[in-house]
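Here the structure comes first, spelled out in structure tokens, and everything after it is commentary.
The values are calculated or read from the model by the stated rules, or taken from the named source; none is laboratory data. Here the structure is a predicted model, which means the values were calculated and not measured. Don't worry about glycine lacking a Cβ; one is built from the backbone with ideal geometry, like all the others, and counts go over all protein chains shown. Accessible surface areas use protein heavy atoms only, side chains included; no ligands, DNA or RNA. Shrake-Rupley method; radii C 1.70, N 1.55, O 1.52, S 1.80 Å.
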Amino acid sequence: MLTTGMPDTGRKKEDILDELKTLSSADPEYKTGRLWSLVYYLGEEHTDFLKDAYNSYFSANGLNPTAFKGLKQLENDVIRTTASLLHGDKNVCGVVTSGGTESCLLAVKTYRDLGRAKKNIRRPEMILPETAHVAWAKGAEYFGVKALYAPLDRDYRVDVKAVRKLVSRNTVMILGSAPEYPHGLIDPIEELGEIAVSKNIPLHVDACVGGYILPFIEMLDVDLPLWDYRVKGVTSISADTHKYGFAAKGASTITYRSLEILKHQMFVLQNWPGGVFASPALLGTRPGGAYAAAWAAIQAIGRDGYIDLTEKTLRTTNRLKVGISEIPDLKIVGNPQASLFAYTSTSSDVNIFAVGDFLEKKNWHIDRLQRPDALHAMVTPGHEVVVDQYLEDLREAVSWVRQHPEAAETGGAATYGMIAHLPFQKMVKKQVLDMFADMYGPEGKMIDMESSMSSNDSGGTEKTASGMPPFIDGIIKWYIKRKQRTGN
Ligand SMILES: *Cc1c(COP(=O)(O)O)cnc(C)c1O
């Protein structure tokens, strides 16, 4: 059990560190390739190096770029390096942010303000592919920009014709992803660029996950469509150093084709009693350590290093994709060219979420997708050693599920299957909000999201009678009631 509350007198530091170590021992096993999202891990040696780099600027604050001049130099260099990787010219400029979400939020704010300043747009709209990262929906809500969603084409990339139809006088930006997170597919950026140019609308490319791997895939002579500043019409790009840049968490970049655009991101308050205040991004205090570690990662890995890592990652991804395609009734979604992909079931005899449950029991941590129902993989070099085991377990999972159709009606499979489909969406939103209210309310409840399927029951975690997290429990109850009422 975790020691809680402020002690009257400080405890021994050694004990505190021991306690943290014990606590983290229950974390998902990312070091051994069991986790297929969230962590980009290159081993202890690299991690220790990042910690040292982080430490060198541990207390520094990037809030005031004139105070910690070294930090501004580091930021400049990360931005220049990123710009050149993305084939930007010398006019490309930008800011290091705390993460992909901040980069995306900033772009929404920038283009809302640019639209207002240049075109007097008062009811801003932006056009997002359905697969746009949630950060964009968040930005829409936070900044009062209406999100118009463009459907996908048959290959699960954004339907360019649909985008064209959504353009109006209120459009402040168009988004494309390179690649999108759910299926790892690169939207047709060149075609979006044509719309952007002809209609004079900014085009942002969300390369949060792809920014530090697609350029190296291209260096490996893999044919990729153009998606970066080489595409006329692309006005900004977000790229995370803390994903495939293998930096410490807390560092991403947002770059713009010109300072004229970036200016709309800036915030200045000249008459604040605390002094004239200026801020280039969302945060006030900006963690210097994260920026130092981002710079250090780039320096330590270098171009050849990134190419090697990318080569290993791609090889691993391809082995997985081929292996999965060879399993009857499984299919990769679209044609993913980077290091992320999703796979789905083509047969009603194989419920993909039941397959996920089985894999979970085998101690794999995988994300579930919806529309279409699918399982997800974000591949890193560390996954190379687990490919065979993963495929073996997956084959076993599929044949087990085929022999146990009832598995689709129970456990996580049933609930994921249910929440993925209308008319449950509103209910899901309400239940999840309630659950977050429990977690962040005064009681700070601990909730196990992995349902009853996971065997490692960590103490103090709430589970309900059905063994499901409370929000799912609520949905099931609602569903049963609805069934009783309507008979279907
Ligand atoms: C990860 C990701 C983001 C958000 O980045 P965070 O660092 O998690 O905030 C945005 N867009 C895409 C495409 C991503 O993959």
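Element breakdown for segment 54-299 at a 1.4 angstrom probe: carbon and sulfur atoms account for 54% of the accessible area. Orientation-averaged projection of the chain equals 26.2 nm² [convex hull of Cα atoms, one quarter of hull surface area]. Note that segment 113-124 has calculated 3J(HN,Hα) couplings of 6, 5, x, 5, 6, 8, 10, 6, 7, 9, 10, x Hz, one per residue in order, obtained from phi through the Karplus relation 6.51 cos²θ - 1.76 cosθ + 1.60 (θ = phi - 60°); glycine and proline are x. The residue list Thr285, Tyr343, Leu2 was ranked by how far each Cα lies along the charge dipole of the chain toward its positive end, using unit charges on Cβ atoms, and Thr285 comes out on top.
Using 1/(1 + (r/R0)^6) with R0 = 45 angstrom and r between the beta carbons of Val385 and Met6, what's the FRET efficiency to the nearest 0.05? Step by step, r from the Cβ atoms, then E = 0.55. Per residue, the chain exposes an accessible area of 49 Å² to a 1.4 Å probe, with every protein chain left in place. For the chain, a simple Cβ point-charge model (Lys and Arg +1, Asp and Glu -1, everything else neutral) yields a dipole of about 2360 debye relative to the Cα centre.
The share of alpha-carbon pairs in segment 54-299 lying farther apart than 28 Å comes to 29%. Since only Ala251, Thr110, Val92 are under comparison, the one whose Cα sits farthest along the positive direction of the charge dipole of segment 54-299, derived from C-beta charges on Lys, Arg, Asp and Glu, is Thr110.
Pairs exceeding a 24 Å alpha-carbon distance, out of Lys146/Lys243; Lys31/Lys361; Lys331/Lys361; Lys249/Lys426; Lys72/Lys243: Lys146/Lys243; Lys249/Lys426. Each peptide in 217-227, 7-17 receives the mean, over its residues, of other Cβ atoms within 10 Å, and ordering these scores from highest gives 217-227, 7-17.
The ratio of the alpha-carbon radius of gyration of segment 1-118 to the globular-protein estimate 2.2 N^0.38 Å is 1.50. Run the Debye formula on the Cα coordinates of segment 319-453, all scatterers equal and no solvent, and tell me log10 I(q)/I(0) at q = 0.11, 0.12, 0.14 1/Å. Calculated log10 I(q)/I(0) at the listed q: -0.44, -0.52, -0.69.
Computing FRET efficiency as 1/(1 + (r/R0)^6) for Ala300 and Leu17, where r is the C-beta to C-beta distance and R0 is 35 Å, gives about 0.85. The Cβ shell under 11 Å around Arg11 holds other residues with a net charge of -3, Lys and Arg each +1, Asp and Glu each -1. Ligands, DNA and RNA aside, Thr4 has an accessible area near 110 Å² when probed at 1.4 Å.
If you take all other residues with their beta carbon under 12 Å from the beta carbon of Ala196, and give Lys and Arg +1 and Asp and Glu -1, the sum is +1. Ranking of Arg164, Arg169 by solvent-accessible surface, largest first: Arg169, Arg164 (1.4 Å probe, protein heavy atoms only, all chains present). Close amide H pairs (under 5 Å, H built 1.01 Å from N) link Ser177 with Asp187, Asp206, residues at least 5 positions away or on another chain.
Charge dipole (Cα centre; +1 on Lys/Arg Cβ, -1 on Asp/Glu Cβ; no other charges) of segment 107-150 amounts to roughly 300 debye.
Applying the Karplus relation 6.51 cos²θ - 1.76 cosθ + 1.60 with θ = phi - 60° to segment 272-283 yields 3J(HN,Hα) values of 5, x, x, x, 5, 10, 9, 9, x, 9, 6, 6 Hz, where x marks Gly and Pro. For Ile447, the residues whose modelled amide H falls within less than 5 Å of its own, excluding neighbours fewer than 5 places apart on the same chain, are Glu462. Protection proxy ranking, highest mean first, for peptides 109-118, 332-341: 332-341, 109-118, where packing is the per-residue count of other beta-carbon atoms within 10 Å, averaged.
Amide H contacts of Leu330: Thr346, each under 5 Å away and 5 or more positions distant or on a separate chain (H built 1.01 Å from N in the peptide plane; Pro and chain starts excluded).
Rounded to the nearest whole Hz, the Karplus-based 3J(HN,Hα) values (6.51 cos²θ - 1.76 cosθ + 1.60, θ = phi - 60°) of segment 10-19 follow the sequence x, 8, 5, 4, 4, 5, 5, 5, 4, 5, with x at glycine and proline. Residue ranges 378-387, 232-241 sort as 232-241, 378-387 when ordered by packing (mean number of other C-beta atoms within 10 Å per residue, highest first). Among the DSSP beta bridges whose two residues both lie in the chain, what percent are antiparallel, rounded to the nearest 5? About 55 percent, rounded to the nearest 5.
Summing Cβ point charges (Lys, Arg +1; Asp, Glu -1) relative to the Cα centre of segment 103-192 gives a dipole of roughly 680 debye.
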